[in-house]
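J.: Below is one structure. I have some questions about it.
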Amino acid sequence: MEHTLETTITVNGTRVTRRVSARQHLVDFLREELGLTGAHYGCEHGVCGACTVRVDGEIVRGCLMLAVQANGRTVDTIEGLSDSGEIAGLQAAFHRRNALQCGFCTPGMLMAAQDLARTRPDATREEIREHMSGNYCRCTGYHAIVDAVEDALKQSAQTGGKR
Amino acid sequence: MNARAELPLHAPGTQVDKGYIGQSVPRENAKRLLQGRGSYIDDLRFPRLAHVVFFRSPHAHARIRKLDLAQAARQPGVIACFDGRAVAEYCTPWIAVLGHLKGIKSAPQHPIAIERACWQGEAVAAIVAESRAQGEDALAHVEAEWEELPALTDMRESLAGKYVIHPDLGDNVCFKRELVTEGFDAAWAKADIVVEESYKFGRHTGVTLEGRAILADYNAADHSLTVYHNTQAPHMMQDIFSRHLGIPEGNVRVVCKDVGGSFGIKVHVYADEMATAAISVMLRRPVKFVADRLESFLTDIHAREHEVTVRLACTKGGDIIGFDLDDLTAIGPYSVYPRTSGIEGNQVVNLTGGPYRHKHYRAKMHVVFTNKNLTCQYRAVGHPIAMALTEAIVDRAAAEIGLDPAEFRRRNLIPDDAYPYSEFPSGIKFERLSHHQCLDKLLALMDYKELRAEQAALRKQGIHRGIGLAAMIEVTNPSPAFYGVGGARISAQDGATLRLEPTGMLTVMCSVTEQGQGTDGIFAQIAASAVGVTLDKVRVITGDTGVTPYGGGTWASRGAGIGGEAVLQAGRALRSNMLDVAAAILSADKAELDIVGNEVVNKLTQEPKLSLAELGRIAYFRPDTLPPKFQSELTVTRHYTPRDYAFTFTNGIQASLVEVDPDTGFVKLLKHWCVEDCGTVINPMLVDEQIRGGVVQGIGAALFEECLYGPDGQLLNGNMADYLVPMCGEMPDIVVAHVETPTKQSALGAKGAGEAGTAGAPGAVMNAINDALAPLGARVTVQPATPERILEALGKV
Ligand code: FES
Ligand code: FES
């Protein structure tokens, strides 16, 4: 039998407890155990950012973290951020600008963009490009993504940084 | 001229607006993806789903001495293990040749290699397990003994026949083509100037963020196979599964859910995917294969890898007389099914010199086998090579004569009033292009003169900026001349079905598929405009052979032009049928009625007469109230095939501005411009985004991306850390503008736009780098132009 550990994680605000194989990655746990398929695998070695989720408020590569390492912690995924409305402004800007084509990179992109919105809401276009550089997108060429993030940051600055 | 005004989407003489054509409407289907609620293959959940993983050859060329799967079969969770012979019982092999590529040859390829592996990564056994992890664990227990064979990795050695990979074929030449126009030698002899240069284009690959994936679900009870597949061509795959697995076509259904990028990578038949489908039949249960990133690098088709020498002859006044091309390209051990791997080289021959009005041409091209991964059609097929070498040698000629590159192009681009143009020496025909309008627009957009002045000033300060231009043509909307005439069962026509629902909603079903380009969105725009409903009333379904009309799918920039026309024609026909119903309900003359904003209105007064919801209600639920012999027809199907030209060419021009650091060899991309003409622009934002994404793929080819192989045929950088792709930080802003010259072949007038960016960008970037290096007396002629190669050109390493 595979070595399993009881693991409790608060995922998108709901506590879940499962016996988890010690070697299972966080994204596999989210996708296979919980059916949260918004975080994707693009490379499985920490390069593409498609698997980005938030653990205790920090964005991490879900393919580099084991599910058991998230024991006792809080995990937020694209589904949770969508339902809570936290990234509604970013999503609207991405939609308006067509900052996604196939959409496979998009959950990770939105996670990274929201991280910027929280940490450096006054980021310049150059800084946006820099910050988003850990997330690979094959479809868009990035220009529209940068436009969308810029729009969303401006918009939230105008509305007083309120989400 | 506003081409959109020519679109007779509503009856002439009415004052209604032209609907949604030409508007930047955001895509409805993007909303799901924005919430992470897309449905890619790996997101599907099936009862009794089994996972297949492949044991792949570690050698580039080796005979399988022994393959023992017994230990693997005993591992936890393993359901079954199969070798090539076992799978071959259920799936016949294929040979990828086409009748119109004269002399093309290849060897039979099996879903899983039998006896011999011909490239590193070729599948030699399949392990099916309850989970992917268990399958991968079991891989370590496969016992294989190999007899290594010579690995042929150098294409010149392949051409010379140092070793013949498939002895039955006699040599390593898959395909060759030679062409010379009449009077070539005499015309060439009159040239004042001949410039010659050789170029190398590295192998690269698509790196779709979502890997190839297939979930095959065989139902033994009715001998039917449903395949969830992230393919670009569902009907083509339906035909192939049917023929190679021996299941009647009507029993095979191919469904494409959301697809995470394709770019030509997902339009081919892959051996491991055929094996997956066969295994589903063998095990009578659903089986899934998802290529991981390492498998993608080893087995997703690669592309390019050309070595070319090109010569250009011209007069001292700067008029191009002709081109002389010698191209050699290597494709791996098999031609890829069913499109063949001869097309890219063939395109290079067809397209070299493409934008110009020279009369003479000689070309020689060889496609050879090697023991590397297979290559085949990837976004812009052949164009990036043909455009880059043409535009590079054109710059050389301009420099030789002392003409500004923009001026030299102006002299030689086919004039805008020369159409239809059938004198192009490779034999391709142009309906109508707008090279000069595009050039003028580009130079104004980028402020060319100002940039040149700035460049000169900066050079004095030791800052090396370069400006590169690349004019281009692009094959779009292919007719049956592309594949069908060669015997491939690949549809050149597409169909659309439109159905008015009882509530006044419109359902559109089209055989063209969506992989993120915005196909569904533009079909909704066209359908809404043609019928007279608002966009929120339209639902689009694509990517299901069980539901949509038959068609080719998405490739060769054909979705908007061909699928879009089918939607338009179906929309017009449905509108007419709806007016018949309205006329019957209202006892009015059909000619006096129109449909605007979800209402039947009086055509002259625009006064609302009947809502479409009411029309639907009566037509479907109370037809008894209509005249006795009247039958409403509120579902309409129309098809479209482009036939007047083999291809509907588009054109455009790109410019790149770079800064090269001669000490480090680093290239900084400062800005990129593209002006292109795809005919009617249905949704400007979506077209711009197609261009931008394409440009960045072209930039990747020009600067970063290369599949590097060792002399033993081992892929050295098959992962995302070592294979460099363009990331956000180093990409420039990309300015896009359009000239609109609608094709007269269709009522919609749309040509393709998906590949233009990739076609032109490598040439523009290479020319920009060389323009920056010019004062230093260096040129790079190898792509990707890595810092190391630039330093080599500068004689610094
Ligand atoms: S899948 Fe985690 S970074 Fe690529
Ligand atoms: S939208 Fe396809 S990878 Fe980003």
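The values are calculated or read from the model by the stated rules, or taken from the named source; none is laboratory data. All values derive from a computational prediction rather than experimental measurement. In this analysis, Cβ positions are derived from the backbone assuming ideal geometry, glycine residues included, and neighbour counts consider all displayed protein chains. Remember, those area values only see protein heavy atoms, side chains included, never the ligands or the DNA or RNA. Shrake-Rupley method; radii C 1.70, N 1.55, O 1.52, S 1.80 Å.
J.: Amide H to amide H, which residues 5 or more places from B:Q232 or on other chains are under 5 Å from it, using H placed in the peptide plane?
T.: Placed amide hydrogens put B:V267 under 5 Å from B:Q232.
J.: Run the numbers for B:T309 and B:S224: contour at 0.36 nm per residue of separation, minus the present Cα-Cα distance, in nm.
T.: Once the chain is fully extended between B:T309 and B:S224, it gains 25.4 nm.
J.: Tell me, what is a quarter of the convex hull surface for the C-alpha atoms of chain A, in nm² with one decimal? Present the calculation step by step, with values, prior to reporting the outcome.
T.: Working: hull surface 36.6 nm².
Projected area, direction-averaged: 9.2 nm².
J.: Using modelled amide H (1.01 Å from N, peptide plane; none on Pro or chain starts), what sits under 5 Å from the amide H of B:Y709, excluding residues fewer than 5 places away?
T.: B:L716
J.: What average number of partner chain Cβ atoms lie no more than 10 Å from the Cβ of the residues making up B:207-213?
T.: Whole-number average of other-chain Cβ neighbours for B:207-213 is 6.
J.: Using 1/(1 + (r/R0)^6) with R0 = 51 angstrom and r between the beta carbons of B:R63 and B:K629, what's the FRET efficiency to the nearest 0.05?
T.: Calculated value: 0.10.
J.: Next question. For the pair A:T14/B:K364, report the inter-label distance in nm, with labels modelled 7 Å from Cα in the Cβ direction.
T.: For A:T14 paired with B:K364, the spin-label model returns 6.9 nm.
J.: Enumerate by residue number the trypsin sites (Lys or Arg not before Pro) in the range B:99-191 meeting two conditions: DSSP loop (anything except H, G, I, E, B), and at most 11 other Cβ atoms within 10 Å of the site's Cβ. Before the final figure, lay out each step's value.
T.: Working: sites: B:K102, B:K105, B:R116, B:R132, B:R156, B:K162, B:K176, B:R177, B:K190; in loops: B:K102, B:K105, B:K162, B:K190.
Here the trypsin sites (Lys or Arg not before Pro) that fit, given the DSSP loop and packing criteria, are B:K102, B:K190.
J.: Tell me, what is the Rg over Rh of the range B:429-474, with Rh the Kirkwood radius over Cα pairs? Show your work: numbers first, answer last.
T.: Values: Rg = 14.5 Å, Rh = 12.6 Å.
Radius of gyration relative to Kirkwood radius: 1.16.
J.: Quick one: accessible area per residue over the protein assembly as shown, 1.4 Å probe, rounded to a whole number of Å²?
T.: Details: 33140 Å² over 960 residues.
On a per-residue basis, 35 Å².
J.: Can you send over the carbon and sulfur percentage of the accessible area for the range A:4-81, probe radius 1.4 Å, protein chains only? Mind showing how you got there, number by number?
T.: On the way: 1290 of 3020 Å².
That share works out to 43 percent.
J.: Still on this structure, I have one more. Compute log10 of I(q)/I(0) for chain B with the Debye formula, placing one identical point scatterer on every Cα and leaving out solvent, at q = 0.06, 0.07, 0.09 Å⁻¹, to two decimals.
T.: The Debye formula, applied to the Cα set alone, gives -0.40, -0.54, -0.87.
J.: Another question about this same structure. Using only the alpha carbons of the protein assembly as shown, determine the length spanned along each of the three principal axes and report them from longest to shortest in whole angstroms.
T.: 82, 77, 63
J.: Please list, in chain and number order, the residues 5+ apart from B:D544 or on another chain whose amide H is under 5 Å from its amide H, with Hs placed from the backbone.
T.: B:C256
J.: Counting Lys +1, Arg +1, Asp -1, Glu -1, what net charge surrounds B:G665 among other residues with beta carbon under 13 Å of its beta carbon? Present the calculation step by step, with values, prior to reporting the outcome.
T.: Values: positive: B:K668, B:R789, B:K796; negative: B:E659, B:D661, B:D663, B:E788, B:E792.
Cβ neighbours under 13 Å give a net charge of -2.
J.: Still on this structure, please answer the following. Regarding the range B:292-446, what's the average projected area of the Cα-atom convex hull, expressed in nm²? Write down the numbers at each step before the final one.
T.: Details: hull surface 44.5 nm².
Orientation-averaged projected area of the Cα hull: 11.1 nm².
J.: Here's a follow-up. For the range B:654-752, report the % of Cα-Cα distances exceeding 16 Å.
T.: Numbers: 3217 of 4851 pairs.
When every Cα pair of the range B:654-752 is considered, 66 percent fall beyond 16 Å.
J.: Just need the relative contact order of chain B here, percent rounded to a whole number, with Cα pairs under 8 Å and 6+ apart.
T.: The value is 16 percent.
J.: Still on this structure, please answer the following. How big is the range B:52-109 on each of its three principal axes, counting only the C-alpha atoms and giving the largest first in Å?
T.: Computed over the range B:52-109, the largest-to-smallest principal extents equal 51, 25, 17 Å.
J.: Could I ask something else about it? Sort largest first and round to whole Å: the equivalent ellipsoid semi-axes of the range A:87-158, each the square root of five times a Cα gyration tensor eigenvalue. Before the final figure, lay out each step's value.
T.: Working: eigenvalues 58, 33, 22 Å².
The answer is 17, 13, 10 Å, longest axis first.
J.: How high is the relative contact order of the range A:87-158, given as a whole-number percent (alpha carbon pairs under 8 Å, six or more residues apart)?
T.: Averaging sequence separation for qualifying contacts and normalising by length gives 51 percent for the range A:87-158.
J.: Same structure again: At a probe radius of 1.4 Å, figure out the B/A buried accessible area, summed over both chains, and give it in Å² to the nearest 100.
T.: 4200 Å²
J.: Report the percentage of all Cα-Cα pairs in the range A:4-81 whose separation exceeds 18 Å, rounded to a whole percent.
T.: Value for the range A:4-81 (Cα pairs over 18 Å): 28 percent.
J.: What does the structure give for B:36-42 when I average, per residue, the other chain Cβ atoms found within 10 Å of the residue Cβ?
T.: For peptide B:36-42, the averaged partner shielding equals 6.
J.: What percent of all Cα-Cα pairs in the range B:554-712 falls into each 10 Å bin, going from 0 up to the bin containing the maximum distance?
T.: Final binned percentages: 8, 23, 19, 17, 14, 9, 6, 3, 0.
J.: Let me ask you something else. Compute accessible area for the range B:714-738 by itself and then with all protein chains, 1.4 Å probe, and report residues whose area falls by 40 Å² or more.
T.: B:M720, B:M727, B:C728, B:G729, B:D733
J.: Lys and Arg at +1, Asp and Glu at -1: add these up for the other residues within a Cβ distance under 12 Å of B:L67 and post the number.
T.: 0
J.: Within the range B:157-223, report the GluC sites (Glu not before Pro) that DSSP leaves as loop and that have at most 14 other Cβ atoms within 10 Å.
T.: Counting only loop positions with at most 14 other Cβ atoms within 10 Å, the GluC sites (Glu not before Pro) in the range B:157-223 are B:E182.
J.: When the accessible area of the range A:87-158 is computed with all protein chains present and a 1.4 Å probe, what percentage of it is carbon and sulfur?
T.: Carbon plus sulfur share of accessible area: 48 percent.
J.: Of all accessible surface on chain B at a 1.4 Å probe, what whole percent is carbon and sulfur?
T.: Looking at chain B in its full context, I get 50 percent from C and S.
J.: Please give me the summed charge of the neighbours of A:D151: other residues whose Cβ is under 12 Å from its Cβ, Lys and Arg +1, Asp and Glu -1. Intermediate values should be presented prior to the final figure.
T.: Working: positive: A:R96, A:R97, A:R125, A:K154; negative: A:D147, A:E150.
In short, +2.
J.: Suppose we look only past 15 Å in the calculated P(r) of the range B:583-625. What percent of the Cα-Cα pairs does that tail hold?
T.: Of the Cα pairs, 38 percent sit more than 15 Å apart.
J.: Okay, moving on. Using 0.36 nm times the number of residues separating B:R459 and B:E157, minus their current alpha carbon distance, what extension gain do you get? Could the numbers behind the result be given before it?
T.: Working: separation 302, 0.36 × 302 = 108.72 nm, distance 4.35 nm.
Contour length minus Cα-Cα distance gives 104.4 nm.
J.: Place a label point 7 angstrom from the Cα of B:N719 along the Cα-to-Cβ direction, then list the residues of the range B:294-323 whose backbone nitrogen is under 18 Å away.
T.: B:294-300
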